[in-house]
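Before any comments, here is the structure.
The values are calculated or read from the model by the stated rules, or taken from the named source; none is laboratory data. Keep in mind that this is a model prediction, so the values were computed, not measured. With ideal geometry, Cβ positions are generated from the backbone for all residues, glycine too; neighbour counts draw on all protein chains shown.
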Amino acid sequence: MSTTSSACVLRLCVAVLLSVIATPAGAQPWPAKPITIINGFPAGAGNDIVLRMYQEALEKDLGVALVFDYKPGAGGNVASEYVSKAAPDGYTLLIGTAGTHGINAALYKALPFDVEADFTPVAPIADVPNVLAVNPDVLDAKSLKEFIEKVKAAPGKFNYGSTGNGASTHLGFAQFNAVAGLQMEHVPYKGSPQSIQAMVTGEVCCSFAQPQTVLGQWRAAKVRLLAVSTKTRLGIFPDVPTVDEAALPGFENVTWYGLIAPKGLDAKIAERINGAVRKAQENAALRDKLTGIGTTVRSETLEQFRATVKADRAKWAEIVKASGAKID
C-alpha cells in the first residue's frame, strides 16, 4: 500500500471514530431498551390493573418490553419523587393519578417536587370512578340513605379505609363525608389490596373503592355496594345507584390514571408514547375490557393532558379545603 493510500485510510478511520464519539446518546433510535414504569402503589392496585391491560398493545407498538417497578408510600409521593429525579430519556415513566398529581399538592405541605414544573404529562389512560363498598357484618346498611342515617347516629364510631393519604379513595370519601355531614375516622393503607382486605376482615367498615379492585369481593358477597360516584350508573353495576340519585344531589367523584415523565422529556419521545397510548385506545377489545371493570378510556393530546393536571390541581385544592381532609 502506498504512503498516500495509507494516509487516506488513516484519515477515514479517524473520521469514523470521531463521528461515533460525537454522536449524542439522544440521537440513538428510541426506544432501544425496556421502559420502566414506576408505580406509587403496590401490585394489584387499581392503576396497576388498568395499566396492565395496555401492556400488550404498548409493547407491540413501541417494540420493547415494559417493566413495572413498585415504590409504594406516602400516597404515591415516594414514586413521584423518584421519577422527578430520573433522567428525562423516556426510559423511566410514572403511572400517575389525580391523587399523585392533583390531591397531594394540596394535602402535603412540603413536597420535594412540584407536580407540574418537575414533570412532563405524557398520556392519560383511563377515567376511574369510586364505589361505596361496605362490610354488612360491620355496618348493615342496604341503601346509601340508611348508611348515612346509621353513621350520623354514631359520630366517630365507624372507620373508613383508603388506598393511602391523598389517594382519590381518601379524598373521595372525605368529600362524601363533608357533603353528607358525617364524622368518620380515616385509616390509610398502602394500596387497594390492603384496603379491601381491611374492609373484608372488619378492620374498617367501608371504603370508596375503584370498581376493578372490589369486583371479586362483591361477587363473593363479602361486601355490599351502595352507590357509585359517577353522574350516571355504571354498566357493570346496573342496579347500584349513583350517590347523586340515592342521597346527595350533585355529588360526583372521578379520578384519572396517566403516564407521566420527568421534566425535560424530548417532545418527539412524548409524542411517540402519547400516540402509542391513543392507538391502543382505538382497540375495541381493550375498551370493552376497561368497561368490564367499570373504567372508561381517557384520550388526550399532550397539551390537553397538561391542562388536565393543572385544572385538577386547582379543583382538588378546593375539595381539600372544603372537606377539611388531612394526613392521618
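List of remarks:
- Flag if residue 272 is within 17 Å of the chain's Cα centre (by Cα), basic (Lys, Arg) and buried (at least 16 other Cβ atoms within 10 Å of the Cβ): no
- Under the condition of being in a loop (DSSP other than H, G, I, E, B) and modelled with pLDDT under 95, the residues counted in the stretch 252-280 number 2.
- Of the set (1) without any contact (Cβ under 8 Å) to a residue 12 or more places away in the chain; (2) surrounded by 14 or more Cβ atoms within 10 Å (Cβ to Cβ); (3) assigned by TED's automatic domain parsing to the domain that holds residue 172, all apply to residue 287 but (3).
- The selection criterion, being in contact with a helix residue (DSSP H, G or I) (Cβ under 9 Å, 6 or more places away or on another chain) and not in a loop (DSSP other than H, G, I, E, B), does not hold for residue 138.
- Among (1) assigned to a loop (DSSP other than H, G, I, E, B); (2) in contact with a His (Cβ under 7 Å, 6 or more places away or on another chain), the one test that residue 309 misses: (1)
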